[in-house]
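Below is one structure, written out as structure tokens; comments come after it.
The values are calculated or read from the model by the stated rules, or taken from the named source; none is laboratory data. Note that the coordinates shown come from a computational prediction; the quantities given were computed from them, not determined experimentally. In this analysis, Cβ positions are derived from the backbone assuming ideal geometry, glycine residues included, and neighbour counts consider all displayed protein chains.
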Amino acid sequence: MHRFTAARPIAAVAAVAAVIALSGCGASQQGATTLDKDAKVELTWWTGQSEQAQTMLEDLAAEFEKDHPNVTIDVSPGSSSTEELLQKISAGFAGGSYPDISYAFGSWASQLESSGRTLDITEQVTDPEVKWDEFSESARGTVQPTGEKTIGFPAIVDNLSLIYNKTVFDEAGVEYPTEDWSWDDFREAADDLTDESTNTYGYAYSVSGSEETVWQFWPHLWQEGGDILDDEGLAAFDSEAGVRALTLLQEMAIDDKSIYLDQTDTKFAQLFASDRIGMMTSGPWQLYDLNTAKTDYGVVQLPGTDGDHQTVSGPDIWALFDHKDKNREYWSYEFTKWLTSAEQDERWNVAIGNLPLRSSEVDSDAFKEQVEAYPGLDVMAANNENAINVRPTIKGYVGLSESIGNAISEVLQGQGEPKAALEEAAEKANTTLK
């Protein structure tokens, strides 16, 4: 199942950015210049999915075709893996063989917009029937990477929530987290849960330096009032807010020794499932494995700072592309609007165990059934309201992520101090950003 999309590798963005920039100046063969809604249209849709999700989407496309006999949709995953889609799309720009609709990681949005090949549906989504406000702020922001154009619809949403191991809490005699927890409450509980004699830790954090390390840090930064970038598009995470945020993690790791420092990005989840870690910040993709392991867990929103419980989301998108054909443009939009409506979303995103795209789906019978199977999904869905800020989709984000990821990892392992490490990381990030 295609669950874990938010923190996938983003290095591929840098590898193809130049290709997209070069191919954006190419010309697409002119199609219909005036709209004829009854004209026969063939659309190409790259789903980026496999197995069960792909089958579900193929069935939905067939249903749309039945209701609109003039429309044919050529449905395929697009490539052998989702990560390879960006490179294939960019090559298609150069050769004129790119799709009408494609799944895309949110981190690609800026590159896709800069190609000059995306549709702008900003005016269309203001239609009240679209119910654009039902998508989270983070999801809406991801399909509007520069704020000037809307290049598609949200496809999959997620967020970081606090997952706690009830067995570890019960054995330590610590009360379960509540939605009102502060980070001070969190730190105290993590310390109480840590037991050196049994190699049990209160919390876990990635020190691989990857995007997993980085996106776990952003909620701390935002809650402290900090920003990733300033108004000029340069690094701003080395602010006093950033120092405060990193200092909390440093003190837990170095002073309290309550954090399991994971070099792999994967072992902490295994240790949590086997009752060796009390808390982790993770998302809906984790619940399937926890249920399979029969781990006794609970879910709440992230602890907050002065009542601010902001989280980070990694929305992915359905990007729409311009083929200079009014008929293809119209039906690409109409199909994607239909696909992302609450009724259809319940039949694939919710059915496969993802969070619902829209706030209106949270009370649906379909989602309630999934909550029965995967307790905590409802909390995570409600937590989308706390996904306010958007991770930058700018071209230099890869370098920025590498810089601050290494800084965080060094500080948590006792190899640096927050202020100096963040300042050095900001300097390196700005080299890329400029």
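Residue-by-condition table, conditions (1) at pLDDT 95 or above; (2) within 23 Å of THR340 (Cβ to Cβ); (3) crowded, with 24+ Cβ neighbours inside 10 Å:
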| residue | (1), (2), (3) |
| --- | --- |
| GLN87 | no, no, no |
| SER97 | no, no, no |
| SER102 | yes, yes, yes |
| SER107 | no, yes, yes |
| TRP132 | yes, yes, no |
| SER138 | no, yes, yes |
| ILE151 | yes, yes, yes |
| THR167 | yes, no, no |
| GLU171 | yes, no, no |
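From the list ALA39, ALA91, ALA53, pick out the single residue that is closer than 16 Å to TRP318 by Cα, of a type in the set (Gly, Ala, Ser) and either surrounded by 14 or more Cβ atoms within 10 Å (Cβ to Cβ) or not assigned by TED's automatic domain parsing to the domain that holds LEU119 (or both). Criteria check complete, one pass: ALA53. Every condition in (1) among the aliphatic types (A, V, I, L, M); (2) modelled with pLDDT of 95 or more; (3) closer than 27 Å to ASN354 by Cα holds for ALA53 except the one numbered (2). Checking each residue in the range 63-77 for being under 20 Å from ASN327 (Cβ atoms) and either among the acidic types (Asp, Glu) or in a helix (DSSP H, G or I) (or both) picks out PHE64, GLU65, LYS66, ASP67, ASP74.
Looking across the range 311-345 at every residue that is more than 19 Å from the chain's Cα centre (by Cα) and of a type in the set (Asp, Glu), the one that is farthest from GLY226 (Cα to Cα) is identified as ASP325. Exactly one residue out of THR336, THR311 is surrounded by 21 or more Cβ atoms within 10 Å (Cβ to Cβ) and in a helix (DSSP H, G or I), and it is THR336. With respect to the conditions (1) out of contact with any strand residue (DSSP E or B) (no Cβ under 7 Å at 6 or more places or on another chain); (2) modelled with pLDDT under 95; (3) more than 30 Å from VAL168 (Cα to Cα), THR264 falls short on a single one, namely (3). The single residue among TYR176, TYR203 that is crowded, with 22+ Cβ neighbours inside 10 Å, touching a residue at least 24 places away in the same chain (Cβ under 8 Å) and under 24 Å from ASN384 (Cβ atoms) turns out to be TYR203. Looking at LEU261, LEU221, LEU234, LEU249, just one residue is touching a Phe, Trp or Tyr at 6+ places or on another chain (Cβ under 8 Å) and farther than 18 Å from ALA420 by Cβ, and that residue is LEU261. When the test is whether a residue is of a type in the set (D, E, K, R), within 30 Å of SER114 (Cα to Cα), outside the structural domain of THR213 (by TED's automatic domain parsing) and at pLDDT 95 or above, GLU334 passes it. Residues that are part of a helix (DSSP H, G or I), buried (at least 16 other Cβ atoms within 10 Å of the Cβ) and without any contact (Cβ under 8 Å) to a residue 60 or more places away in the chain within the range 241-268 comprise ALA241, ARG244, ALA245, listed in sequence order. Here GLY116 clears all of (1) within 26 Å of PRO392 (Cβ to Cβ); (2) surrounded by fewer than 17 Cβ atoms within 10 Å (Cβ to Cβ); (3) without any contact (Cβ under 8 Å) to a residue 12 or more places away in the chain; (4) not acidic (Asp, Glu) except the condition numbered (3). Being modelled with pLDDT under 95, within 29 Å of ARG358 (Cβ to Cβ) and of a type in the set (A, V, I, L, M) is a property that ALA155 lacks. Screening ALA253, ALA235 for residues that are aliphatic (A, V, I, L, M) and more than 23 Å from the chain's Cα centre (by Cα) leaves exactly one candidate, ALA253. Take LEU229 and tell me if it is more than 29 Å from ALA373 (Cβ to Cβ), surrounded by fewer than 20 Cβ atoms within 10 Å (Cβ to Cβ), aliphatic (A, V, I, L, M) and in contact with a Leu (Cβ under 9 Å, 6 or more places away or on another chain). It is true that LEU229 is more than 29 Å from ALA373 (Cβ to Cβ), surrounded by fewer than 20 Cβ atoms within 10 Å (Cβ to Cβ), aliphatic (A, V, I, L, M) and in contact with a Leu (Cβ under 9 Å, 6 or more places away or on another chain). For the range 62-107, filtering for residues that are farther than 28 Å from LYS395 by Cβ, of a type outside the set (A, V, I, L, M, F, W, C) and in contact with a helix residue (DSSP H, G or I) (Cβ under 8 Å, 6 or more places away or on another chain) leaves 2.
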